[in-house]
Amino acid sequence: MIKAGIVGGTGYTGVELLRILSAHPGVSVDVITSRSEEGIPVADMFPSLRGHLDLAYTVPDVEKLAQCDVVFFATPHGVAMNMSPELIERGVKVIDLGADFRIKDVALWESWYNHEHTCPDLVAKAVYGLPEMNREAIRGAQLIGCAGCYPTAAQLGYLPLLEKQLVDHRRLIADCKSGVSGAGRGASIGTLLCETSESVKAYGVPGHRHLPEIRQGLTQLAGRPVGLTFVPHLMPMIRGIHTTLYSVLRDPVDPGLQQLFEERYANEPFVDVMPAGSCPETRSVKGPISAVSAYIVHRMMIRLWYWR
Ligand SMILES: NC(=O)c1ccc[n+]([C@@H]2O[C@H](COP(=O)([O-])OP(=O)(O)OC[C@H]3O[C@@H](n4cnc5c(N)ncnc54)[C@H](OP(=O)(O)O)[C@@H]3O)[C@@H](O)[C@H]2O)c1
């Protein structure tokens, strides 16, 4: 049995992770943290977990977390980097759902996140947590920086095209739409029902923090620097991301895109390529939580458009 700990177990990603892990036959969640809900049983906060988990929130404590085999950080950026060095030193695997270990260029990370990185040496060792790109490296990694939400959608959509060099890598456009849960569970005026319902807006237009991460991944796939326009939008919905990707085909004559996508993702359990002619909706991946649907709900809806 793998002993797991979750730092940040009251947030949207933390509780989603908890739902997945609590149904996993090979994992026991032994520690779950929240500073604000210390002592409260998890099932009191999330009644859907009643009967599945007999655990109460505790404050983050490295000593306690170090008793686990793996510790997940479902926390804002800047938290995982402070506790990870000691956990790693003590042989614990660390999986960060936040942004601390995603971007390899530490100076670039610091400029986008406006935060000094406290363990740049670990960034070099971290594996980027996108299984469709890095499955083997993830298997053996001690530190994983999971891909961000928009970066997952944009990279998975472009991946088959860039790998095969079918599109002009200098002209990529990612038009992404996300629900309000992407901002986390903390209360803020901008995410209130009255502020977001019946409205759509672009945000982070001059530059969103996911831009350098997407650019890093696409550059790796293309094997050279890409030209990317990325504009995120806030939609009046709770879950899901819908991404429309644009690019210019190098050879527009019968590129066989449907077959390309079906073959590339044939053995990928987290990606479902829909039949030709159909269009995905975010609500299609909403529903009972299984490992697969939970992953997809948070991660991707891809619709591919192209022009000549
Ligand atoms: N929401 C999404 O759709 C989404 C998708 C992909 C990735 N992510 C990333 O996942 C991470 C978590 O996002 P979220 O939306 O789940 O956040 P959230 O809903 O705001 O929850 C944050 C969690 O972290 C804990 N926390 C906050 N500050 C902390 C600190 N200094 N030390 C220890 N624990 C702390 C909070 O509990 P206490 O304050 O009670 O300790 C809470 O449980 C972020 O880095 C985010 O960018 C989010």
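Here, each number is a calculation from the coordinates, and none is a lab measurement. Everything quoted here is computed from the prediction, not taken from an experiment. All Cβ positions, even for glycine, are placed from backbone atoms using ideal geometry, and neighbour counts span all protein chains on display.
Computed values, structure above
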{"read-out": "Residues listed by number, the stretch 9-33, amide nitrogen under 14 Å from SER48 label point at 7 Å toward C-beta", "value": "11-23"}
{"read-out": "Kirkwood Rh and Cα Rg combined as Rg over Rh, evaluated for the chain", "value": "0.96"}
{"read-out": "Extension gain (nm, one decimal) between GLU86 and GLN67, 0.36 nm per residue minus Cα-Cα", "value": "5.6 nm"}
{"read-out": "The chain, relative contact order [Cα under 8 Å, separation at least 6], %", "value": "15 percent"}
{"read-out": "The stretch 25-32 - phi-based ³J(HN,Hα) in whole Hz, Karplus 6.51/-1.76/1.60, Gly and Pro as x", "value": "x, x, 10, 10, 8, 9, 9, 9"}
{"read-out": "Nearest-ten-degree value, helix 149-163 long axis tilted from longest Cα axis of the chain", "value": "40 degrees"}
{"read-out": "Principal axis dimensions, largest first and in whole angstrom, of the stretch 149-304 by Cα", "value": "48, 36, 24"}
{"read-out": "Antiparallel bridges, percent of DSSP beta bridges restricted to the stretch 2-146 (to nearest 5)", "value": "5 percent"}
{"read-out": "Length-normalised contact order for the stretch 149-304 - Cα pairs under 8 Å, 6+ apart - percent", "value": "36 percent"}
{"read-out": "Separation of alpha-carbon centers, the stretch 32-89 and the stretch 183-235, rounded to whole Å", "value": "28 Å"}
{"read-out": "Angle between the chain longest axis and helix 12-22 axis [Cα atoms, degrees, rounded to 10]", "value": "70 degrees"}
{"read-out": "log₁₀ of I(q)/I(0) at q = 0.19, 0.24 Å⁻¹ - the stretch 1-95, Debye sum with one point per alpha carbon", "value": "-0.83, -1.32"}
{"read-out": "Within the chain, helix-based [θ] at 222 nm, where runs of 4 or more DSSP H residues each add -39,500 (n - 2.57), nearest 500", "value": "-9000 deg cm²/dmol"}
{"read-out": "Extension reserve of the LEU257-VAL205 stretch, reckoned as 0.36 nm per residue once the Cα distance is removed", "value": "15.7 nm"}
{"read-out": "Protection proxy ranking, peptides 246-258, 77-89, average beta carbon neighbours within 10 Å, highest first", "value": "77-89, 246-258"}
{"read-out": "Highest-first arrangement of 156-167, 6-17, 223-234, where packing means the average Cβ count within 10 Å", "value": "6-17, 156-167, 223-234"}
{"read-out": "The chain: most fluctuating residue of CYS279, CYS149, CYS176 per GNM, C-alpha cutoff 10 Å", "value": "CYS279"}
{"read-out": "Crossing angle, helix 80-89 versus the chain [Cα axis fit, 0-90 degrees, rounded to tens]", "value": "70 degrees"}
{"read-out": "Coil-residue GluC sites (Glu not before Pro) of the stretch 100-156, DSSP, other Cβ within 10 Å capped at 16", "value": "GLU116"}
{"read-out": "Rounded to 5, percent antiparallel among DSSP beta bridges of the chain", "value": "25 percent"}
